[in-house]
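The values are calculated or read from the model by the stated rules, or taken from the named source; none is laboratory data. Since the model is a prediction, treat every value here as computed from it, not as a measurement. FYI the Cβ positions are ideal-geometry reconstructions off the backbone, even for glycines, and counts take in every protein chain you see.
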Amino acid sequence: MPTILVELDDSLARHVEEAARRERKSVSEWVKERVKPGATGVDALAALEAQALSNGYPPGWVTVFGTLVDDESFEAPSRGSCRPVAGLD
């Protein structure tokens, strides 16, 4: 398989690494999903929404959050209690 070297500034490289880590993927997997022919931001948002639902976020939270991105007066609320995980006792 060919290898491609891409030069990124430090902040963008950190963003890519963090995004891949959050999705529990290698950087290579994360990048491949975004540059393959036909890949769109819609696919990434659908995956994010599915993961969020499994973590207890309400349906449609991505859309609501997206409307607040440019609102500088918005402050994220404090996190509520975490959902219990069976088998950790």
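Residue check: is GLU33 within 11 Å of the chain's Cα centre (by Cα) and either modelled with pLDDT of 90 or more or not polar (S, T, N, Q) (or both)? Spelling it out, it is not the case that GLU33 is within 11 Å of the chain's Cα centre (by Cα) and either modelled with pLDDT of 90 or more or not polar (S, T, N, Q) (or both). The residue pairs whose first member lies in the stretch 31-60 and is over 30 Å from GLU7 (Cβ atoms), whose second member is surrounded by 12 or more Cβ atoms within 10 Å (Cβ to Cβ) and among the aromatic types (Phe, Trp, Tyr), and whose beta carbons are closer than 8 Å, counting only pairs six or more residues apart or on different chains, are GLU49/TRP61; ALA52/TRP61.
The residue of the stretch 39-49 that is surrounded by the most Cβ atoms within 10 Å (Cβ to Cβ), among those that are at pLDDT 75 or above and not acidic (Asp, Glu), is LEU48. If only residues of the stretch 1-25 that are surrounded by 12 or more Cβ atoms within 10 Å (Cβ to Cβ) and free of Cβ contacts under 8 Å to residues at least 12 places away in the same chain are counted, the one that is nearest to TRP61 (Cα to Cα) is ALA19.
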